Amino acid sequence: MAWKTLDEMDLAGKVVLVRVDINVPVENGVVTDATRIEKIAPTVKDILAKGGKPVLLAHFGRPKGKPVPEMSLRPLVPELAKALGVPVKFAEDCIGAPAKTAVAALAAGEVLLLENTRFHAGEEKNDPELSAAMAALGEVYVNDAFSAAHRAHSSTEGVAHILPAVAGRLMAAELKALEAALGNPVRPVTAVVGGAKVSTKLDLLGNLVSKVDHLVIGGGMANTFLVAQGIDVGKSLAEREMAETAREILEKAAAAGCAIHLPADVVVAREFKAGAENEVVGNADCPADAMILDAGPKSVEEIAKVFEASKTLIWNGPLGAFEIAPFDAATNAAAQKAADLTKAGKLVSVAGGGDTVAALNKAGAAEDFSYISTAGGAFLEWMEGKELPGVAALMK
Ligand code: 3PG
Ligand code: MG
C-alpha cells in the first residue's frame, strides 16, 4: 500500500482543504470524548508550519441532507481551538459565498472550520456538483478522516478526484497500524472478535479466518457458535437461526488452518444486572434458566496463552457483558494481558470499534496497546477486507 502524504506537498501560501472526522460524542452541549479532535492536531499544525491555510471539512451526526441546528459544528469551535492552539474561524456553509468569504478573510496561522457537510443532500450522494463546489475553495485536499473513509461522499471521496489529494498524519498512522495488524502482519497473528451478534460480523469472521492464525470468539456471538456445536445455552443471547452459518465459518477456519478459540468455561447468571449472583460452569453446563454473561477463568487462561504465542493481535468487540461488573472480568483480564505483552515489546496490538475502545479504556489497558483506532464502522469494514473509498482515492 502506498498513499500520498503531506511530505510530498508544497503548501506555502495555499488553501488546504482538510477532511477531518470530529464526529465526537456530545452530551448537554459538552464534548464527552475529545479524542478525535485531539488526533487531528498534528496534521493541522503541520499544514500551518508549512505555510498552508487549513480549511476543515467535516460532518456531525446524521442530518440527512438538510440543515439541522442541533447538528451544527459551530459549538465545537472552542474545543478545536483548544486542541490546535490557534484561532479557529467558522463559516455557516461548507460551499458558496459564506465559505468563500471566510476563506478569503483567513489570515496566516488561523484555521477555518466549515459547517456540517451533511447539511447538503449532495454529500452522501457524492454529488459531483457539490464536490466541485468544495474543491473550488482550495488548492490541495488532505484526508485525515480514516473513520469516515468507508463513506463515498463528496467530502471524503469526490473532492479527492478533483484536487491533488494526500493522506493526513492521522490517516497515515491508521493505515500503517492496520497494515501491520492484518495487511502484512508478523505471525502468528491472533484476532479477538466479540460482541453480541454473529449476523453483524459475518463478513468480518469470514475474512479473518483466511488471514489469522488464531481467532478468539467472545461475547454473545460465542454462544451462537456453542449452539452450532449442539450445546444448550439456556436463556443466553444467541442467534439460533445462525447455527448453520457458524458451522460454515468453523469449517472454513479448519480448511484455512485458523484455530478457533471458544470459551471452555463461562460465567452464568439469572439476571442481566450489575452484581447479579453468578457462577462459573463448563461451556456445556449453562442451566436452563440462566444466561452466559462472560467467559470464565479457564477461558481467560487459554486466551492469555494464545496471546503469549502471538506476535500480532487485532481486537474488535468485548468478550462479555463488559458494561456491567463483574461480567467485565474476562475482557479486563485479556486486555491487561495484551497490554502487558505489548509493553514488554512482545506483541503488536491494534484495536478499534466504538465498544471495543470503551471496553479497553475501562480496563485501563488502551494506553499500552500499540495502536487504538479512532474508527468504528471504517475499522470494521477494513477488517472485513473491503476497500474503503476514502482511502482508495489517496493511493498512488
Ligand atoms: C463515525 O462516527 O462512525 C464516523 O464519523 C462516520 O459517521 P457515520 O457512521 O454517520 O457515517
Ligand atoms: Mg458510524
Check your understanding: Once you list every other residue whose beta carbon is under 11 Å from the beta carbon of Pro25, what net charge do they have if Lys and Arg are +1 and Asp and Glu are -1?
Key -> -1
Practice item. Among the listed pairs Lys201/Lys311; Lys125/Lys396; Lys211/Lys311; Lys4/Lys53; Lys82/Lys176, give every one whose C-alpha distance is greater than 21 Å. Key: Lys201/Lys311; Lys125/Lys396; Lys82/Lys176
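Considering only DSSP beta bridges where both residues belong to the range 251-396, give the percentage that are antiparallel (nearest 5).
Details: 9 of 15 bridges.
Once the DSSP bridges in the range 251-396 are tallied, antiparallel ones form about 60 percent.
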**Study point:** the range 210-306: relative contact order as a whole-number percent, Cα under 8 Å and 6+ apart
**Key:** 33 percent
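Before anything else, pin down the relative contact order of the chain: Cα pairs under 8 Å, at least 6 apart, normalised by residue count, whole percent. Intermediate results must be reported in sequence, preceding the final value.
On the way: 897 pairs, mean separation 61.6, N = 396.
After rounding, I find 16 percent.
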Review point. So, counting K/R as plus one and D/E as minus one, what does the shell of residues with Cβ under 15 Å around Val300 add up to?
Key: -4
Study note, to complete from the structure: Residue-ordered couplings for the range 216-225, obtained by feeding phi - 60° into the Karplus form 6.51 cos²θ - 1.76 cosθ + 1.60 and rounding to whole Hz (Gly and Pro as x), are 8, 10, x, x, x, 5, 5, 4, 4, 5
**Study point:** Whichever aspartates and glutamates have a C-alpha closer than 16 Å to that of Lys64, once near sequence neighbours (fewer than 8 apart) are set aside
**Key:** Asp93, Glu115, Glu123, Glu124, Asp127
Study note, to complete from the structure: the chain: antiparallel bridges as % of DSSP beta bridges, rounded to 5, reads 25 percent
Check your understanding: In straight Cα distance, which aspartates and glutamates are under 20 Å from Lys337, not counting same-chain residues fewer than 8 positions off?
Key -> Asp213, Asp265, Asp294, Glu301, Glu302, Glu308, Glu323, Asp328, Asp355, Glu367, Asp368
Study note, to complete from the structure: Filtered hits (aspartates and glutamates, Cα-Cα < 15 Å from Lys386, offset >= 8 within chain) -> Glu179, Asp203
Exercise for review: Please quote Rg/Rh for the range 135-231 to two decimal places, taking the Kirkwood radius as Rh and restricting both calculations to Cα atoms.
Suggested key: 1.14
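Normalised by the number of residues in the range 333-396, what is the relative contact order in percent for Cα pairs under 8 Å and 6+ residues apart? Please list the in-between numbers first.
Numbers: 66 pairs, mean separation 20.0, N = 64.
Relative contact order for the range 333-396 comes out at 31 percent.
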Practice item. Can you grab the distance from the C-alpha centre of the range 337-378 to the C-alpha centre of the range 98-153, Å, no decimals? Key: 31 Å
Check your understanding: How many percent of all Cα-Cα pairs in the range 204-324 sit more than 21 Å apart?
Key -> 37 percent
**Study point:** Cut-off 12 Å, label 7 Å out along Cα→Cβ of Ser199, residues of the range 305-320 by amide N
**Key:** none
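Where a number appears in this text, it was derived from the coordinates with a stated rule and is not lab data. In this text the structure is predicted, and so the values were computed from the model without any measurement. Using ideal geometry, Cβ is built from the backbone for each residue, glycine included, and neighbour counts are taken over all protein chains shown.
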